[in-house]
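S.K.: I'd like to ask some things about the structure below.
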Amino acid sequence: MKSMKIDGYKYVRVDENGHFFYQVFIGRDSKGRQRFKKGRKDRKGVSFTSPKAAEVEAMRVKVEYMDRQAEDLQRLSYGKFVRRDFIPKYKADVEASTFDSHKRMIMLSVDRFDTKQLDAITVRDCEAYRTWLMSDAGFSRDYANVCYVAFRQILGYAEHLGLITTNVSMKTKAIPKGKAIAKYWTKAEFEKVLSQISTQGFYEQSIYVMLLFYYRTGVRVSEGFALTWDDIDLINEKARIYHTLYYKNKDDYQIKPYTKTRSGKRIITLDDELVQVLKAWRQEQLDHGVKQFVLSYDDRPMIKSTLNNVIHKFAKIAGVPSINGRGLRHSHASYLIAELGADVLTVSKRLGHSSPDVTLRYYSHMFARNDELIADKMVGSMNLTPAKQSRIKFNGNQVVPFNKVR
């Protein structure tokens, strides 16, 4: 049934039959959809005979709702809202691995504001929390940034649902990300590490293969652990990077049919030396009953903590700085750029970045040495022999030998 507004009355409508009714906005539901209260009669059940009567009832309903909402807010603490509303919503929106890694960051704010009324959180409270994250908490600047972003998202969702009128955290500054350069191994440092790993035992050989594979391919940790032998073409020397691994424990994991970004799905070329190592490793695995995963000694995926522990252990033995799994990816980028003089487009495609801009954002400092490599390669690259005599007749001073000009 069609209806239209009446000038001078904010909440009143009239339908095509000339009957008056009110329509009042009373907030949003748990999914963010608008909720309205409509009525054609007053609280005594009497139909409206004028727009003024409908407007009076609309104002009464509006005030009643606001009073009830204020009463609800007095009972709704920040912690209750996060546990009851935000966490279920956030868990449904993101990947399980993302939720697992971010849940602790979310709960940090709950530890601080658990029993505080949701609408009682002030700008000063937000500033104090921001300062704590950047100082006394002892976090890196990047981690503090992600924690504060999560806090802002929570209050933003409360505002979206109409539970608070303003997200006060947005009146504070964001925490700037740190500018620390990622740790990585140079070629010389990596060679020292490899020289400390024996390939005589099956388990230690798996470590050797794992570190070499990550260093020479630059795949993300979850991409490497998801690789099966169906993804490796040893004849054409290619590796198909199409999956990531979501891991809870040795018996509870999933191979996801996608990578971190759309550009992450890629096929990379394996070098001859790595292919020979993989061929020998494949046979060794089969001799030990391992048939599926490339980087595995028990036919189940390796885990990130194992990789980091191995890196730390052998870095200490080799006397080189310790890095982490992601550091091996940075090491590969360094190897391509600083040692092999690769261009930014090649590096970007091999690493599976969404664009060369992303590559430059992380590794622009590494390309500085390419200028030296190019200068070195210029030497002897062309014939620089001049003519024995001039083939052009000059006029005036141009004909005077250079060493006689005063």
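The values are calculated or read from the model by the stated rules, or taken from the named source; none is laboratory data. Given the structure is predicted, the values throughout are model-derived calculations rather than measurements. Cβ coordinates were reconstructed from backbone atoms using ideal geometry, including for glycine residues, and neighbour counts include every protein chain displayed.
S.K.: Of these, 305, 355, 334, which one is out of contact with any Asp or Glu (no Cβ under 8 Å at 6 or more places or on another chain) and farther than 20 Å from residue 193 by Cα? I'd like the intermediate steps shown before the answer.
M.R.: On the way: 305 fails: farther than 20 Å from residue 193 by Cα; 334 fails: farther than 20 Å from residue 193 by Cα.
From the options 305, 355, 334, the qualifying one is 355.
For (1) surrounded by fewer than 16 Cβ atoms within 10 Å (Cβ to Cβ); (2) at pLDDT below 90; (3) hydrophobic (A, V, I, L, M, F, W, C), each residue gets a yes or a no:
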site: 273; (1), (2), (3): yes, no, no
site: 294; (1), (2), (3): no, no, yes
site: 314; (1), (2), (3): no, no, yes
site: 323; (1), (2), (3): no, no, yes
site: 346; (1), (2), (3): yes, yes, no
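S.K.: When you scan segment 278-292, how many residues do you find that are under 30 Å from residue 354 (Cα atoms) and modelled with pLDDT of 95 or more?
M.R.: Selection size over segment 278-292: 1.
S.K.: Which fully enclosed helices (runs of 4 or more DSSP H) of segment 80-165 have 1 or more residues being touching a Gly at 6+ places or on another chain (Cβ under 7 Å), surrounded by 16 or more Cβ atoms within 10 Å (Cβ to Cβ) and not assigned by TED's automatic domain parsing to the domain that holds residue 244?
M.R.: 96-113
S.K.: Here's a follow-up. (1) surrounded by 19 or more Cβ atoms within 10 Å (Cβ to Cβ); (2) under 25 Å from the mean Cα position of the chain (by Cα): which one isn't true of residue 255, the others all being true?
M.R.: Status for residue 255: all satisfied but (1).
S.K.: Can I ask one more? So the check is Cβ under 7 Å with 6+ separation or different chains; which pairs have a first residue in segment 158-172 that's in contact (Cβ under 8 Å) with a residue 40 or more places away in the chain and a second one that's β-branched (Val, Ile, Thr)?
M.R.: From residues that are in contact (Cβ under 8 Å) with a residue 40 or more places away in the chain, the pairs are 158/164; 168/121; 168/122; 168/123; 171/123; 172/123.
S.K.: Among the residues of segment 1-28, write down those that are among the small types (Gly, Ala, Ser) and modelled with pLDDT of 85 or more. Walk me through it before giving the result.
M.R.: Within segment 1-28, the subset among the small types (Gly, Ala, Ser) is 3, 8, 18, 27.
18, the sole residue that qualifies.
S.K.: Let me ask you something else. Could you list, in sequence order, the residues of segment 213-235 that are in contact with a helix residue (DSSP H, G or I) (Cβ under 8 Å, 6 or more places away or on another chain) and aliphatic (A, V, I, L, M)?
M.R.: Selection gives 219, 221, 232, 234.
S.K.: I've got another one for you. Which residue out of 294, 310, 320, 347 is aliphatic (A, V, I, L, M) and without any contact (Cβ under 8 Å) to a residue 40 or more places away in the chain?
M.R.: Result of the check over 294, 310, 320, 347: 347.
S.K.: Hey, which of the strands (runs of 3 or more DSSP E) in segment 188-302, taking only ones fully inside, have at least 3 residues that are outside the structural domain of residue 327 (by TED's automatic domain parsing), in contact with a strand residue (DSSP E or B) (Cβ under 6 Å, 6 or more places away or on another chain) and more than 23 Å from residue 95 (Cβ to Cβ)?
M.R.: none
S.K.: Further question on the same structure: Being touching a residue at least 60 places away in the same chain (Cβ under 8 Å), polar (S, T, N, Q), loosely packed, with under 15 Cβ neighbours inside 10 Å and over 30 Å from residue 121 (Cβ atoms) is the requirement here; does residue 206 meet it?
M.R.: No; evaluated as a whole, the condition is false for this residue.
S.K.: Let me ask another. What's the number of the condition residue 35 fails, among (1) modelled with pLDDT under 85; (2) within 27 Å of residue 118 (Cβ to Cβ); (3) part of a helix (DSSP H, G or I)?
M.R.: (3)
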